[in-house]
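The values are calculated or read from the model by the stated rules, or taken from the named source; none is laboratory data. This is a predicted model, so every value here is computed, not measured. Every residue, glycine as well, gets a Cβ built from its backbone with ideal geometry; the counts of neighbours run over all protein chains shown.
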Amino acid sequence: MKFDFTRNYIIQCIMAAANQLRLSSEKIETLAIIREHLSKVESISDEIERFKKITQLSKLGIKLTEIHNFTINGKIDFLKLSERFKEQSSNLIGEVSNLLDVVTPQQMKEILQKARIDTDKNLEVDLTKRKSVGEAELPKIKIESNMPVRTSTDELKREIIFDDLDSEAEFNFEKYEARILRPIKEIDAFLNRVSRYDYTENEIDGYIRTMKENGNLSQKIGFEVISNMHSIFVQGLEAIHNKKIAPSTSAIEALRACLIVIVAVVRGKEVDITNYLNRAENFGKLISQTKRVI
């Protein structure tokens with residue numbers, strides 16, 4: 001599995017910097033446009049280079065280049081990552097503030113759209129070098145961002161400002177990590193009882209609520225893989241509890257696969273979790289099909 005650590009780290013730095021500012025509803029909307037754009041571009045490094053060529057985004061682009069280089073060239077010490085993150089996000093505050101002061105949401109959309117059009121016009125297309133459909137190489141895993149479309153200023157604000165981080169002023173990776181990992185071992189043991197329906201209503205409701213909250217938090221700060229695993233786990237546990245699917249060995253192991261992916265990604269384990277990720281995602285598709293049938 002290829003987890004785009006650099007993209008998520010950069011987006012979180014921008015959002016953490018913005019969290020230090022007093023934002024109007026218009027600035028919140030502009031910020032959401034930037035974040036959604038960065039979450040969907042094909043190459044975060046290429047997009048930062050484009051930022052540096054746009055008048056309004058050039059200074060921010062330069063700062064983001066430094067962060068980008070840190071994530072791909074430096075040897076990251078995860079024990080000190082929280083401190084480094086705090087330092088780098090603080091260095092962005094001035095540029096983020098200046099950008100939001102001079103650009104409206106509509107202007108930001110136009111700037112980003114124009115940059116994309118200009119880039120497309122400058123591409124040289126050589127049809128002789130195109131691969132046929134049979135020769136094309138497809139990625140083994142495709143993880144798409146499920147960024148929702150925001151229609152309300154209040155929803156934007158709840159999505160952007162980190163109000164779930166124990167009311168702290170800035171994002172703290174160590175606290176996030178502890179919060180996500182804290183219930184995993186207990187829930188893993190609980191799954192053994194789920195297979196026998198050996199649990200109380202309060203127990204399962206509590207675990208479902210915890211996983212929902214942690215999944216929502218992960219989505220807010222840009223950890224899409226972790227968020228998706230929480231979502232699949234919650235849907236699967238609810239389906240078993242409501243007797244829509246049986247707590248078979250394969251279902252329980254699929255739920256356990258979600259937990260394994262969560263732990264591996266949060267801890268930055270350099271192990272191949274492709275099989276676990278595939279099992280979890282296939283289980284998620286099964287749950288979705290079950291919902292449509294019902």
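Just to check your reading of the model, which residue among Ile240, Ile226 is assigned to a helix (DSSP H, G or I), over 30 Å from Ile14 (Cβ atoms) and either within 21 Å of the chain's Cα centre (by Cα) or of a type in the set (A, V, I, L, M, F, W, C) (or both)? Within the list Ile240, Ile226, the selection yields Ile240. For the criterion of being without any contact (Cβ under 8 Å) to a residue 12 or more places away in the chain, of a type in the set (Asp, Glu) and in a loop (DSSP other than H, G, I, E, B), Glu47 fails. Identify, please: which residue in segment 41-59 is under 21 Å from the mean Cα position of the chain (by Cα) and of a type in the set (A, V, I, L, M, F, W, C) and is, among those, surrounded by the fewest Cβ atoms within 10 Å (Cβ to Cβ)? Across segment 41-59, the extreme among qualifying residues is Val41. Of the residues Gly215, Gly206, the single one that is among the small types (Gly, Ala, Ser) and closer than 30 Å to Leu31 by Cα is Gly215. For the residues Glu29, Glu83, the requirement of being surrounded by fewer than 15 Cβ atoms within 10 Å (Cβ to Cβ) and either assigned to a helix (DSSP H, G or I) or not assigned by TED's automatic domain parsing to the domain that holds Ala264 (or both) singles out Glu83.
Each row is one residue, and each column tells you yes or no for (1) crowded, with 16+ Cβ neighbours inside 10 Å; (2) in contact (Cβ under 8 Å) with a residue 12 or more places away in the chain; (3) closer than 13 Å to Leu92 by Cβ.
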site	(1), (2), (3)
Phe5	no, yes, no
Tyr9	yes, yes, yes
Ala16	yes, yes, yes
Asn19	yes, yes, yes
Ser25	no, yes, no
Ser39	yes, yes, no
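Here Phe233 meets the list (1) of a type in the set (Phe, Trp, Tyr); (2) buried (at least 21 other Cβ atoms within 10 Å of the Cβ); (3) farther than 30 Å from Met15 by Cα almost entirely, failing just condition (3).
Among the residues of segment 264-292, those identified as touching a helix residue (DSSP H, G or I) at 6+ places or on another chain (Cβ under 6 Å), among the β-branched types (Val, Ile, Thr) and in a helix (DSSP H, G or I) are Val265, Val266, Ile287.
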